[in-house]
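Written out below as structure tokens is the structure these notes cover.
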Amino acid sequence: MTVAGRHDPFGIHGIIVLLTGLGCAFCLIRDYYTPEPGADRLSSYYDEPIKAGILLALIWALIGMFFGDWVAWLLAYPQMTFDADWSSFGRMRPIHTTGVIFGFGGNALIATSFHVMQRTCRTRLADQLTPWFVLVGYNLFCIIAVTGYLMGVTQSKEYAEPEWYADIWLVVVWVAYFALYLRTLARRREPHIYVANWYYLAFILVVAMLHIVNNLALPASLARAKSYSLFSGVQDAMVQWWYGHNAVAFFLTAGFLGMLYYYLPKRAGRPIYSYRMSIVGFWGITFFYVWVGSHHLHYTALPQWVQTLGMTFSVMLLIPSWIAAANALLTLNGAWHKVREDATLRFMMVAAVFYGLSTFEGSFLAIRPVNSLSHYTDWTIAHVHAGTLGWNSMIIFGAIYYLVPQLWKRPHMHSPALVEFHFWSAIAGTFIYVFAMWNSGITQGLMWRAYNQSGTLAYSFLDSVMAMHPYYIARAFGGLLFLIGTMVGVYNVWRTIQAAPAHLTQTEQPALPGSPQAAPLVGS
Amino acid sequence: MTSASHETLTIFAQSWGLLYLALLALGVLLYTFWPNNRARFDRAKNSIMNDETGPWA
């Protein structure tokens, strides 16, 4: 890759891959003569990859949210690109989306899935090497993606920007992840597979399917980053939004519901309110969600019946979504005093509330006449962030605050007061953000469709841009509060890890991916 | 080369497609509410509450 693509960004990616490969080879060789792990390892869970995954998720959270807030300020003050190519909105915005969705969300999903699959199956991860391969390989994909955007490498598909070579690499990593999950399930000692695992498996399986189909493309040359999609026109748009909305459905919903169905009962100390509701909800969500992508293409060249199909399924989707939200809140019924006292559980409670809110909003926005007002406006941005800040981030932080003391064998977090601070700054940030974008979105939508008495448009596009300025400042400020909360959270996690262990039973390994790991030396 | 028309696809979706989804929904509901499964589900939802003791042999 490095040599063949030396006149292209492809070559720089070759160097990154080469260095990662050399680093992994070094770790492998260093540990080559360490003794085989004994049979007694089977009597304990394998927690090292989970720890590494949590730390990686937090690092990506800082990167992704920092760039997110930067582009938010950029919209209010366009001179903040400082006249550089790499800092233009079009290049930094995908760094934000990839950083938070795939970097932060993805690593959190992988880490918690390793945790949940071992606990609910009462067995150890199927092997020592694959978890490290999945983690390192997945993060290599994220780094290739993000550095590519800075150099202008993109295939211009939203949430699927990385080019063909990164996509192929992700398929390899993802298949290893899926195989690892199935092998661990096959070793389970608990006869019934707990429902959280169903959600995680749906996430892994469907994301593989979506990723492969949406990224079918022909590279312009094997030594260049550029490729061309196999689809064109409205078919391309339909495939892209079938992918795009199911990324929301199976990456940001199914996987995170797996998290909710495990960590919320555990933290509340109460089993899930209705196991049956969780099963009906699972099949409802998996079967309705795959149809709804076309609601992104209302009033386009897409046939009217396909739009109507997407709209109808979007509305029906409200039922299984609210089943999940209600199930979570009913589980807390009788434990509200814990919600009041315990910020970690409160993170999870708020996540369930925002899940209910944003799924209602989603079904509503998918209705065609509503969409005629909301589409292409900031209302969509408000909806997405109600989901990602209010639901995804809150449940991740809840799970992290539950996991960190447990995995590092500490009695509690370094500072419960800082967890409280994080909670309130995250809540305040989310509310300011979402309300600012609701206001600006509806204002935009109304200004764009306002006519004067002579039947022409009342406002120019620029008028609507000027009207957005105060909302953009408010939004960037809300984002800043959320970012500050995250920084405080990372500091708290760091101090917790540094603190002396509660029980000095064994010396803990540092939780960086240093021990057994491997990634094949691809195309160096 | 003949390509499937919109008409053909619609007829297929509205007959076999509908039957497939209806049967699937019925299967899921039967599995969920089958009385004998209640014990298994109750066990599963309580089983996660004390899983930190380590893997079972």
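The values are calculated or read from the model by the stated rules, or taken from the named source; none is laboratory data. These figures come from a predicted structure and were not determined experimentally. Quick reminder, even Gly has a Cβ in these numbers, built from the backbone with ideal geometry, and neighbours come from all protein chains shown. Please note that ligands, DNA and RNA were not included when accessible areas were found on the heavy atoms of the full protein model with its side chains. Shrake-Rupley method; radii C 1.70, N 1.55, O 1.52, S 1.80 Å.
How far apart, in nanometres, would the label points at A:F231 and A:M316 be if each is projected 7 angstrom from Cα along the Cα-to-Cβ direction?
Going from the A:F231 label point to the A:M316 one covers 2.1 nm.
Determine how large the accessible area of A:W448 is when every protein chain is in place; take a 1.4 Å probe and give Å² rounded to the nearest 10.
80
Summing both sides, how much accessible area is buried between A and B? Use a 1.4 Å probe and give Å² to the nearest 100. Walk me through the numbers before you get to the answer.
Numbers: alone 22600 and 5850 Å², together 25770 Å².
For chain A against chain B, roughly 2700 Å² becomes buried.
For the protein assembly as shown, what is the charge dipole size about the Cα centre, in debye to the nearest 20, if Lys and Arg each add +1 at the Cβ and Asp and Glu each add -1 at the Cβ?
So the magnitude is around 1280 debye.
On average, how much accessible surface per residue is there in the protein assembly as shown, in Å², for a 1.4 Å probe, leaving out ligands, DNA and RNA?
For the protein assembly as shown, the solvent-accessible area averages 44 Å² per residue.
Give A:K51/A:K226; A:K409/B:K45; A:K51/A:K338; A:K338/A:K409; A:K157/A:K409 a once-over and call out the pairs whose C-alpha atoms are over 32 Å from each other. Mind showing how you got there, number by number?
Details: A:K51/A:K226 36 Å; A:K409/B:K45 25 Å; A:K51/A:K338 26 Å; A:K338/A:K409 22 Å; A:K157/A:K409 43 Å.
Violating the 32 Å limit, Cα to Cα: A:K51/A:K226; A:K157/A:K409.
Could you tell me how many cubic angstrom of Cα convex hull volume the protein assembly as shown has per residue?
183
Residue-wise, which Karplus ³J(HN,Hα) couplings in Hz belong to region A:38-46, taking 6.51 cos²θ - 1.76 cosθ + 1.60, θ = phi - 60°, and x for glycine or proline?
x, 5, 5, 4, 5, 8, 9, 6, 9
Taking each full run of DSSP H in chain A as one helix, which ones are at least 24 Å long along their axis (Cα atoms) and have mean Kyte-Doolittle hydropathy of at least 0.0?
What comes out of the filter, once short or polar helices are dropped, is A:9-30, A:48-76, A:130-150, A:164-186, A:195-214, A:343-365, A:416-448, A:461-498.
Rounded, prolate or oblate, given the Cα gyration tensor of region A:212-262, with a/c below 1.5 counting as rounded?
Cα axes put region A:212-262 in the oblate bin.
What residue among A:V116, A:V153, A:V207 has its Cα farthest toward the positive end of the dipole of region A:82-216, where the charges are +1 on Lys, Arg and -1 on Asp, Glu, each on the Cβ?
A:V116
Could you order A:E341, A:E161, A:E48 so the one with the most accessible surface comes first? Probe is 1.4 Å.
These residues rank, largest area first, as A:E341, A:E48, A:E161.
Roughly how many debye, to the nearest 20, is the charge dipole of region A:1-134 about its Cα centre, given +1 on each Lys and Arg Cβ, -1 on each Asp and Glu Cβ, and no other charges?
Roughly 240 debye for region A:1-134.
A:D85 to A:W305: FRET efficiency via 1/(1 + (r/R0)^6), r the Cβ-Cβ distance, R0 51 Å, to the nearest 0.05?
It comes out at approximately 0.70.
Please say if region A:14-91 is rounded, prolate or oblate, where rounded means a/c under 1.5 for a ≥ b ≥ c the square roots of the C-alpha gyration tensor eigenvalues, and otherwise the choice is prolate for a/b larger than b/c and oblate otherwise?
oblate
For chain B, how big is Rg over Rh, using alpha carbon atoms and the Kirkwood form of Rh?
1.39
Collect residues whose amide H, placed 1.01 Å from N in the peptide plane, falls under 5 Å from the amide H of A:H414; neighbours closer than 5 in sequence don't count.
Residues meeting the amide H criterion: A:T496.
For A:F347, A:F431, B:F12, A:F288, what's the largest-to-smallest order of accessible area, 1.4 Å probe?
Greatest to least solvent exposure: B:F12, A:F431, A:F288, A:F347.
What size of dipole, in debye to the nearest 20, comes out for region A:173-301 about its Cα centre when the only charges are +1 on Lys and Arg C-beta atoms and -1 on Asp and Glu C-beta atoms? Walk me through the intermediate numbers first.
Working: 10 positive and 2 negative charges, 121 e Å.
Charge dipole of region A:173-301: 580 debye, to the nearest 20.
Taking R0 as 45 Å, what FRET efficiency do you get between A:F178 and A:L462 from their Cβ-Cβ distance, rounded to the nearest 0.05?
With R0 = 45 Å, the Cβ-Cβ based efficiency is 0.35.
Report the percentage of all Cα-Cα pairs in region A:216-343 whose separation exceeds 24 Å, rounded to a whole percent.
Tail of P(r) above 24 Å: 47 percent of Cα pairs.
Which cross-chain or sequence-distant (5 or more) residues have an amide H under 5 Å from the amide H of A:A217, H modelled 1.01 Å from N in plane?
A:L230
Round to the nearest 10 and report in Å² the accessible area of A:K338, as given by a 1.4 Å probe over the protein chains' heavy atoms.
About 70 Å², ignoring ligands and nucleic acids.
Run the helix sum for the protein assembly as shown: -39,500 (n - 2.57) per DSSP H stretch of 4+ residues, divided by residue count, reported at 222 nm to the nearest 500 deg cm²/dmol.
That calculation yields -21500 deg cm²/dmol at 222 nm.
How much accessible area does A:F89 have with a 1.4 Å probe, in Å² rounded to the nearest 10?
80
Quick check: at a probe of 1.4 Å, how many percent of the accessible area of region A:222-312 sits on carbon and sulfur atoms?
It is 68 percent, rounded to a whole number.
What average count of beta carbons from other chains do you get within 10 Å of the Cβ of residues in B:36-49?
Per residue, the number of nearby Cβ atoms from other chains is 6 on average.
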